[in-house]
Amino acid sequence: MRQAHWYLACLWLAFVPAQAQTLQAVTEDAPPYTYIEHGKVAGPATEVVQQTLQRAGLNDYRLHLYPWARAYDLALREPQVLIFLIARTPAREALFQWAGEIMKIEYHLYRLRSRTLEVPHLDAARAYTIGVMRDDVRQQYLQSRGFTKLVVSAQPLDNFRKLVSGQVDMVPLTAGETLPLCKEAAIDCAQLERVLTLHEASTGLYMAYSRQTPPEVVERTHKAFEQLKADGTVKRLLAKVSP
């Protein structure tokens with residue numbers, strides 16, 4: 001009898017739907033799109049993800065804000081992990097299951113106006129130290145282009161403060177990232193100057209699932225996201241912040 005109970009328990013576990021496991025939705029501190037507010041993960045990109053999961057009927061999930069390297073590692077190793085906002089690059093294509101492009105972004109190299117740097121083109125930027133985030137697409141892009149003077153940080157604000165304090169010469173940012181970082185670092189954004197646009201690194205930022213996540217979960221998420229995109233919800237939520 002005990003063996004029969006054990007056999008039935010094994011059968012039940014084998015047929016428990018994969019989506020019954022709690023999802024982890026992970027991101028980084030990237031104002032104005034994702035940040036902590038009143039102890040919770042907030043921001044317009046977070047709202048897009050929440051409404052997508054709700055529309056998909058995937059209500060058993062937990063939101064976490066981690067340093068990017070930790071969020072990225074979780075999405076590489078663990079099942080049932082949804083990571084956002086992640087840049088879709090050729091190197092990452094096969095590592096994740098892509099569920100929807102939340103926004104397009106453009107990266108620029110910024111310096112302090114008080115610093116005189118001659119950067120007429122990307123090759124010239126190799127002579128300077130550049131602050132980057134660990135495992136971020138900007139770090140990966142610059143390394144692929146032969147940049148060796150990269151100073152790596154775990155958090156965007158730490159990276160930005162290295163620019164302000166003169167520890168690095170430039171940092172790659174989107175236009176939308178500058179104002180929140182200036183506020184947190186207590187400096188006037190007029191002190192910043194855009195030096196160069198990283199056209200090849202500029203891409204779309206997505207929701208993506210870990211490879212171990214069941215395909216039906218990915219498909220439900222993708223369909224729900226496309227519905228929200230079609231009815232204007234995604235555009236409305238992202239319009240809360242300036243591009």
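The values are calculated or read from the model by the stated rules, or taken from the named source; none is laboratory data. Just so we're clear, the structure is a prediction, and the values are computed from it rather than from any experiment. Virtual Cβ from ideal backbone geometry, glycine too; neighbours counted across all protein chains shown. Note: accessible area is taken over every heavy atom of the protein model, side chains too, but ligands, DNA and RNA are not part of it. Shrake-Rupley method; radii C 1.70, N 1.55, O 1.52, S 1.80 Å.
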Linear extension gain, Ala94 paired with Thr148, 0.36 nm per residue minus alpha-carbon span = 16.8 nm
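Counting only heavy atoms of the protein chains, get the accessible area per residue of the stretch 61-124 (1.4 Å probe) and round it to a whole Å² value. The partial results should precede the final answer.
Working: 2950 Å² over 64 residues.
Ligands and nucleic acids excluded, the figure is 46 Å² per residue.
Diagonalise the Cα gyration tensor of the stretch 55-125 and give the resulting equivalent ellipsoid semi-axes, square root of 5 times each eigenvalue, largest first, whole Å.
On the way: eigenvalues 233, 42, 34 Å².
In descending order the semi-axes read 34, 15, 13 Å.
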If you place +1 on the Cβ of every Lys and Arg, -1 on the Cβ of every Asp and Glu, and leave all else neutral, what size is the dipole of the chain about its Cα centre, to the nearest 20 Debye?
-> 100 debye
Keeping the other protein chains in place, figure out the carbon and sulfur percent of the accessible area of the chain, with a 1.4 Å probe.
-> 53 percent
So for the pair Arg236, Leu157, with labels modelled 7 Å out along Cα→Cβ, what separation do we get in nm?
-> 3.2 nm
For the modelled label position 7 Å from the Cα of Gln21 along Cα-to-Cβ, which residues of the stretch 76-94 have backbone nitrogen atoms closer than 16 Å?
-> 76-83
Lys, Arg +1 and Asp, Glu -1 on Cβ, resulting dipole of the stretch 108-243 about Cα centre, debye, nearest 20 | 120 debye
Let me know the Rg and Dmax you get for the stretch 129-243 when you use only its Cα atoms, in Å.
-> 17.4, 49
DSSP beta bridges in the chain [antiparallel fraction, %, rounded to 5] = 65 percent
Hey, could you pull the Cα Rg and Dmax for the chain, both in Å?
-> 20.5, 81
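About the Cα centre, and with charges only on the beta carbon of Lys, Arg (+1) and Asp, Glu (-1), how big is the dipole of the stretch 14-143? Nearest 20 debye, please. Let's see the in-between values first.
Values: 14 positive and 14 negative charges, 45 e Å.
The dipole of the stretch 14-143 has a size of about 220 debye.
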In vacuo Debye scattering of the stretch 132-186, one point per C-alpha: log10 I(q)/I(0) at q = 0.28 Å⁻¹?
-> -1.24
Under a plain spin-label model, where a point goes 7 Å from the Cα along Cα-to-Cβ, how far apart in nm are Leu179 and Asp73?
-> 3.5 nm
Cα extents of the stretch 16-104 per principal axis, largest first, Å, are 36, 31, 22
In degrees, nearest 10, the alpha-carbon axis of helix 44-55 is tilted away from the dominant principal axis of the alpha carbons of the chain by 20 degrees
